[in-house]
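The values are calculated or read from the model by the stated rules, or taken from the named source; none is laboratory data. Keep in mind the model is a prediction, meaning the values are calculated, not measured. Cβ coordinates were reconstructed from backbone atoms using ideal geometry, including for glycine residues, and neighbour counts include every protein chain displayed.
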Amino acid sequence: MSEPEPEHGPEGPEPEPIPRLRPSSSSVLDSDDLLPVVLRRLPPRPSSLPRASLVCRRWRDLVTSRDFLRDFREFHRAPPVLGLFHNTYLGAPDRRFVAAVDPPDRVPDSLFRMPCGRDHRSWRFLDCRHGRALLLGPMGPRREVLVWDPMTGARPCPWMPGTSVTGRCSAPVATQFQVVLVWFELGLTYLRRAVAAVYSSESGAWSHIITVQAPFVSTASNASKPGTLAGNAVYWLIPGSRVLEFDAVTRNLAVISVPAYTAGSLYWQCQLMPTDAKELGLAMVTEISIKLWKRDSGNACGWSMYSAVQLEGCLPPRKWMQEQPSLLGYHEESNAIFVWIEAGVFMIQLESMQSRLMCQGASNFEIYPFAGFYNRGDATAGAQGDEDVDARWPTAIVDMWHYEDPQGDSHGPYSMVSLQRWSGNGFFAEDFRVWRTDETKEQAILLTDAMLSL
């Protein structure tokens, strides 16, 4: 019996494959040079480094070192949005912060206790930038300005320039070393003018006053939206279809007109934002899209529309079209815009078009997105003076409610404060039913039960 011939090709048997040597993951993580490179690529969520520190003592010592934390922040550059500060009460308790992330990434509430003590109701947020919040004190002969870093504590500025400021303060911008403050007041000729001053933390003093005539601004105008940083200038959208420009290099203050197409739009339908080229841009929202404009010196009107963002698909279907969507703010580092519809305030990341419900409430919120790198054990316990505030308060600023009239028409959203007042005046029957904004009409409950559930 003959032996079977070996199977091989015409050129002879195939050689045995040579195994490739791959470095094991354990050998990479054992290297003191490679481990920091790997760990700094963890996502910049508040829970990432605390979880890594639980692996072993070597990892804990690394991720808590100052050098690693500095490299970690430089690598990610844009810190995550941790939440929103706001100046809205609407019957809610005194807490002024809405978390943007869920556990385990949620930062402790104690970190965002107001630094003004029990008098914080008289203080207003004006802006948040570079991990700091800027607050303005109550009216008085001399108003205080406070720069607050929730991670390290508050730093007061000297009194506002001048012995008395009669105009309302606009939304200023806090940078790492400077604060730019803008407000409106009556000039010597009784014409309205915009006034600006710059505070430097290096010198510890305010600059001289800078002014520009603004006769188009009414005495009731209040530019409550934060400033927008584009290039070397800071811009504020002000009532009257105008933009106020402050050049941080030349220290000049100027007024710019908005595109003619947007001039008739309401204040809350427009939002300033920088373009990819770090130039001034403008967003205008309609019922179904956000149109993006940029300054264009070659255009007769000085502006040109360059893009449009469709809202369908990144926001829930709208059940009620009683009000136009509103643009409440923009966060430059994360390229996210904040849109209000009847269901609440949504943060939309303009690159990924992913959206997140931030809170519920009325459309005229004054919100100030706060972003920062937070590591447990690397921050203070927050400011003192708010220990009596219930830390279990949910992230929603306040629930909003709807009801159906006898003709079958839906109305709302309304706060429970308004509904309780109308009920006390006898406007509703005993079997009157309401439902929350995030619910359907079929889920309506008795108004009396809704009051007890709060």
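Test I341 against the stated conditions and say whether it is at pLDDT below 80 and either surrounded by 20 or more Cβ atoms within 10 Å (Cβ to Cβ) or basic (K, R) (or both).
no
Being closer than 24 Å to V243 by Cα and not in a strand (DSSP E or B) is the filter here, so list the residues in region 197-214 that pass it.
S207, H208, I209, A214
Return only the number of the condition from (1) part of a loop (DSSP other than H, G, I, E, B); (2) β-branched (V, I, T); (3) modelled with pLDDT of 80 or more that T448 does not satisfy.
Answer for T448: the failing condition is (1).
Which of the residues that make up region 295-324 are over 25 Å from the mean Cα position of the chain (by Cα) and modelled with pLDDT of 85 or more?
Correct list: W303, S304.
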